Amino acid sequence: MPASAWAASRVAFVLKGYPRLSETFIAQEILALEQRGLDILIVSLRHQTDRATHPVHGLIRAGLLYLPEYLYQEPRRVWHGWRRSRRRPGYGRARAAWLADLRRDPTPNRVRRFGQALVLAAELPADIDRLHAHFLHTPASVARYAALIAGLDWTVSAHAKDIWTLPAWEKRVKLAEAGWVVTCTEAGRNHLASLAPCQDSVALCYHGLDLEYFPIAPPRANGNDGSDPRNPVLLLSVGRAVAKKGYDDLLAALALLPTGLEWRFVHIGGGALGATLRDRAERMGLSHRIEWRGALAQPEVLAAYRGADLFVLASKVAKDGDRDGLPNVLIEAQSQRLACISTNVSAIPELIQDGATGLLIPPGNPFALADALASLIRDPATRAQLAAAGEWRVRSLFSMGPGIDVLAERFGLDSAPAGGNENGEPALTLALGERP
């Protein structure tokens, strides 16, 4: 449906989980759209798992509906959802679409998504007139089935893992049925456009940062060069401990650094591989130089950016095809005038210009990563030069506003923000997490 045909109304945003420390970019978007006047209901497929939340979550006014995370946990609710949904005119179409998908993907997960869609369609408030999914995989499946049942339009924002691990047949089906599709990198847009009925139906929409509330960092002291044991170079990485982040390669690179080089490494983030990485660091004899801080809230992450000398993210393509899109942590680090080393994977070169605004090395290459680390650890002047250029590029090209303008147009909203929060104060819309 053309963007001009939409009019501002109440929209249900279907998310995999809420609130999540690693998906602050979604919370930032929801708050910004609320400030433009969009009335939102957040629908979450999973309950909260992070103990902490970011300040941005406290500023969001949207209502919250949790669907049954596992169908067996709420059988009565699923039963009532089915009884109510099966009376709707669109139930037959939804069931047929689900059965067609199930034949190609006969998994418990596919059954669960239809059960969640039954509950959503049955419990959706009457004033909701469209659904919007964040991620093209499971949230879009639930949104699609529920929209068919309820006779509503649905749209989707695609990101990273959902683009690169979803089967091509499923991407084609969803791209053909969604009212519109946006995604946050040009690499992802090109890939989805090649599968869509019309290449123009997939739009680029960078997340960016709200730079008004992501202030310029205080000046750093004169940089150290790794020669003083009392003043080691502080390396920082923020990201989930999952395969695509390449922390196994990063540990291998750290082990290759010259013995006389003085450095410390800080990791921030949760993730399933955390214990495995800590054990590996112990076996490599690196533990005394590494601090594992776990998942942290925004103010602590911001302080870490400002206290570090060098940021590193060794992203790569995982064995299942999963990969980063454009990691928000790189944008955040550069906004704080922090030199960055990363890899030339996916959309990272859309942000970092190798040798000009940061360093890019081939993915899965600990030797190249070690060389880049050693070079910048020893050279504070080059770190400062790259950091300044990276900050200028982020503040010039990667602010949040243009992306929100794209979404506001598609939701039929005014182009200008509605103002501050309910207390009349400007809203904090930092994005200090990253996409799954």
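The values are calculated or read from the model by the stated rules, or taken from the named source; none is laboratory data. Bear in mind that the values here come from a model prediction, so they are computed numbers and not experimental data. Every residue, glycine among them, receives a Cβ derived from its backbone with ideal geometry; neighbour counts consider all protein chains shown. What goes into the accessible areas is simple: the full protein's heavy atoms, side chains included, and nothing from ligands, DNA or RNA. Shrake-Rupley method; radii C 1.70, N 1.55, O 1.52, S 1.80 Å.
What the table below lists for this structure:
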read-out: Longest segment of the chain lacking trypsin sites (Lys or Arg not before Pro) that sit in a DSSP loop with at most 16 other Cβ atoms within 10 Å; value: 88-229
read-out: For LEU65, distant residues with modelled amide H under 5 Å away; value: ILE42, VAL43, SER44
read-out: Portion, in percent, of the accessible area of the chain that falls on carbon or sulfur, probe 1.4 Å; value: 51 percent
read-out: The chain, accessible area per residue, ligands and nucleic acids excluded (1.4 Å, Å²); value: 40 Å²
read-out: Rounded to whole Hz, the Karplus (6.51, -1.76, 1.60) HN-Hα couplings of region 318-323, x for glycine and proline; value: 6, 4, 8, x, 5, 7
read-out: Shape box of region 62-131 [Cα atoms, principal axes, largest first, Å]; value: 35, 28, 23
read-out: Rg/Rg_globular for region 1-104, with Rg_globular taken as 2.2 N^0.38 Å and Rg from C-alpha atoms; value: 1.30
read-out: Cut-off under 5 Å, modelled amide H: who pairs with GLY294 long-range; value: GLY269
read-out: Gyration tensor (alpha-carbon) shape descriptor, region 13-74, a/c threshold 1.5; value: oblate
read-out: Furthest towards positive pole of dipole, PHE13, LEU124, LEU59, structure part the chain, Cβ charges; value: LEU124
read-out: Kirkwood Rh, angstrom, the chain [1 / mean 1/r, Cα pairs]; value: 22.6 Å
read-out: Potential extension, HIS80-GLN353 segment - 0.36 nm per residue separation minus Cα distance; value: 92.8 nm
read-out: Sequence of SER335, SER287 from largest to smallest accessible area, 1.4 Å probe; value: SER287, SER335
read-out: Mean separation of Cα contacts under 8 Å, 6 or more apart, over the residue count of region 152-247: relative contact order %; value: 20 percent
read-out: Cα shape, region 44-188, gyration tensor, a/c 1.5 rule; value: rounded
read-out: Prolate/oblate/rounded label for region 239-378 (Cα gyration tensor, a/c 1.5); value: rounded
read-out: Mean Cα-pair separation over length for region 29-85, i.e. relative contact order, pairs under 8 Å, 6 or more apart, %; value: 36 percent
read-out: From phi via Karplus (6.51, -1.76, 1.60), per-residue ³J(HN,Hα) for region 223-235 in Hz, x at Gly/Pro; value: x, 8, 10, x, 9, 10, x, 7, 9, x, 6, 9, 9
read-out: Under 5 Å, built H, 5+ apart or other chain: amide partners of ASP210; value: MET400, ALA431
read-out: The chain, relative contact order [Cα under 8 Å, separation at least 6], %; value: 20 percent
read-out: Size of charge dipole - region 1-118 - debye, nearest 20, with Cβ of Lys, Arg +1 and Asp, Glu -1, no other charges; value: 780 debye
read-out: Estimated dipole of the chain in Debye, rounded to 20 [Cβ of Lys and Arg +1, of Asp and Glu -1, Cα centre]; value: 1760 debye
